[in-house]
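First comes the structure, then the notes that go with it.
A short reminder: the numbers here are calculations on the coordinates, not readings from a lab. Just so it is clear, the structure is predicted and the values come from calculations on it, not from any experiment. Please note: Cβ atoms are built from the backbone with ideal geometry, for glycine as well, and neighbour counts cover all protein chains shown.
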Amino acid sequence: MSSQLRPPAPLTATAMGPLSGRVRVAGDKSISHRALMLGALAIGETTIDGLMESDDILATVSAMRAFGALVTRSAPGAWRVRGLGVGGFLEPEDVIDFGNAGTGVRLAMGLVGSQAIAATFSGDAMLRGRSFSRFLDPLRRMGVQAITRSNDRLPMTIKGPDVTLPLEYRMPVASAQVKSAVLLAGLNTPGVTTIIEPVATRDHTERMLTAFGAAIEIDRNEDGERIVRLEGRRDLRAQAIAIPGDPSLAAFPLVAALLVEGSDLTIESVLLNPMRSGLIETLVEMGGDIRISNRRALGGEEVGDIHVRGSRLKGVVVPPERAPAMIDEYPLLAIAAAFAEGTTMMDGLGELRMKASDRIAVVAAGLAANGITVEEGPESLAVTGGAPSIGGGRVTTRLDPRVAMSFLVLGLAGHAGVTIDDFGPVQTSFPEFQSLMSGLGAHFEKAEPPAA
Ligand code: S3P
């Protein structure tokens with residue numbers, strides 16, 4: 001149900017005993033979007049095992065169907081996609097509503113942009129409030145037309161030209177979403193589309209394009225910048241894809257177990273791609289007892305089992321260059337920092353203001369409401385741990401699922417419960433959050449909406 005129609009669902013999390021056992025989380029969200037999209041462009045039938053089934057991913061399922069791909073579910077997490085071939089999308093009959101799925105709509109804009117069809121995209125109130133200029137800039141240079149609301153906001157109609165122009169694009173900001181939109185547009189563009197990444201970002205699009213047989217090459221130039229070259233108008237071949245567990249979901253039970261004394265938890269089969277492992281690296285530096293075993297390859301990626309035990313943490317300075325490898329994890333790291341001895345300094349976070357909410361401001365306000373010392377800078381957060389009483393506050397989450405789940409973890413580990421204003425948006429990313437955490441002993445209770 002869209003956030004406009006659904007009444008808010010406040011929820012309180014209160015302190016829990018040690019977490020123990022073995023759990024698994026759903027398949028990685030970034031890889032799930034890409035598997036559906038490349039499956040829809042490939043020739044033949046792609047099978048996907050371990051697809052995340054959150055609202056965000058189901059929006060991509062509906063979009064691929066609207067473009068004409070046959071997408072079916074045979075069992076939980078097991079899906080089939082009969083593709084249309086590169087350039088074979090049909091013009092959708094209706095508006096495509098991506099709900100809260102920012103990654104889905106941006107990647108789909110790249111897919112449509114290089115096909116001579118028009119498609120109109122919309123989303124929920126949060127997504128309609130955000131500017132898409134940084135995505136449209138490179139696409140427009142390739143010849144894509146976009147008719148948008150002011151400031152490049154949704155709803156918008158994207159119309160591809162008869163032939164898109166290949167682009168050499170130096171990324172002005174580190175964004176895997178921008179990179180991927182351009183590469184997906186490059187698939188149906190004659191010639192070579194080139195991306196220059198001064199700062200590397202998650203590489204799932206490149207890995208999956210390689211697996212589907214695209215003509216793609218990855219290099220470094222003499223300045224150490226990452227160069228991706230893709231030759232367009234080549235067929236993609238259907239694949240059997242197994243999707244590893246999402247590290248950005250595993251992070252929630254992981255941090256809860258670190259913070260609650262006596263915990264001993266294993267999270268199985270989690271993606272260990274280095275561009276996604278910044279949180280684990282940082283938590284280990286903070287003194288977290290985290291061990292990885294059973295490392296193996298799955299679906300062109302490395303996975304492993306993460307074993308975590310309750311630990312005493314100390315504050316650290318997080319290197320700004322690590323930001324792309326943990327961009328979605330800062331809200332949760334800020335929670336961990338609230339329990340660490342000393343101050344944790346997080347800098348180079350400008351991109352966090354562009355996420356589902358302004359995460360620097362929303363996290364700073366939530367921490368302050370729970371008795372934690374926090375300093376907010378234009379691109380930084382400094383969190384000082386060890387307050388005598390952590391928790392007891394009410395948090396405004398601005399419909400941001402990762403902020404909501406992070407503050408519930410604060411409530412589970414704190415001295416007093418934490419109430420978030422709305423649990424509803426969690427459905428978009430981690431529908432199993434409450435049952436998984438409850439299975440480990442977490443206690444949640446519906447709370448009253450604030451008095452009007
Ligand atoms: C994503 C990339 C990241 C991340 C988002 C998913 C992706 O965004 O925040 O949740 O799947 O490519 P940016 O690359 O724009 O920072």
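For residue 395, the residues whose amide H sits under 5 Å from its own are 419, 420, 421, ignoring neighbours fewer than 5 places away on the same chain, with H placed 1.01 Å from N.
Projecting the Cα atoms of 447, 423, 189 onto the charge dipole of the chain, computed from C-beta unit charges around the Cα centre, puts 189 farthest toward the positive end.
Cross-link pairs exceeding 19 Å in C-alpha to C-alpha distance, out of 29/355; 179/355; 29/446, comprise 29/446. Taken about its Cα centre, the stretch 29-242 carries a charge dipole of roughly 180 debye when the Cβ of each Lys and Arg holds +1 and the Cβ of each Asp and Glu holds -1. The modelled label-to-label distance between residue 116 and residue 341, using points 7 Å beyond Cα along the C-beta direction, is 6.9 nm.
Classify the stretch 88-198 as rounded, prolate or oblate from the Cα gyration tensor: take a ≥ b ≥ c as the square roots of its eigenvalues, call it rounded if a/c is under 1.5, otherwise prolate when a/b beats b/c and oblate if not. Taking the square roots of the gyration eigenvalues as a ≥ b ≥ c, the stretch 88-198 is oblate. Please identify which residues in the stretch 400-436 have an amide N closer than 12 Å to a label point set 7 Å out from the Cα of residue 445, following the Cα→Cβ vector. The answer is 417-419, whose backbone nitrogens lie closer than 12 Å to the label point. Loop-resident GluC sites (Glu not before Pro) (DSSP state other than H, G, I, E or B) in the stretch 170-233 with no more than 12 further Cβ atoms inside 10 Å of their Cβ: 222. Counted residue by residue at 0.36 nm each, then reduced by the alpha carbon distance between them, the extension gain from residue 145 to residue 15 reaches 41.6 nm. Computed 3J(HN,Hα) for the stretch 214-229, one whole-Hz value per residue from the Karplus formula 6.51 cos²θ - 1.76 cosθ + 1.60 where θ = phi - 60°, is 5, 8, 10, 10, 10, 9, 10, 8, 5, 8, x, 6, 8, 10, 10, 10, glycine and proline marked x.
Extending 7 Å from the Cα toward the beta-carbon at both residue 91 and residue 415 defines two label points whose distance is 6.5 nm. With a Förster radius of 35 Å applied to the beta-carbon distance between residue 312 and residue 196, the computed FRET efficiency rounds to 0.20. The residue 438 and residue 131 beta-carbon pair, evaluated with R₀ = 41 Å, returns a calculated FRET efficiency of approximately 0.60.
Give the separation of the Cα centroids, the stretch 354-422 to the stretch 198-256, in Å. Going from one Cα centre to the other spans 32 Å. If the only charges are +1 at each Lys and Arg Cβ and -1 at each Asp and Glu Cβ, what is the size of the charge dipole of the chain around the Cα centre, to the nearest 20 debye? In total the dipole reaches around 620 debye.
When shorter helices are ignored and each DSSP H run of at least 4 residues is given -39500 (n - 2.57), the per-residue value for the chain at 222 nm works out to -8500 deg cm²/dmol. Farthest toward the positive end of the dipole of the chain, out of 304, 263, 72, is the Cα of 72, where the dipole comes from beta carbon charges about the Cα centre. A crude spin-label estimate for the pair residue 74 and residue 237, with each label 7 Å from Cα along the Cβ direction, gives 2.0 nm.
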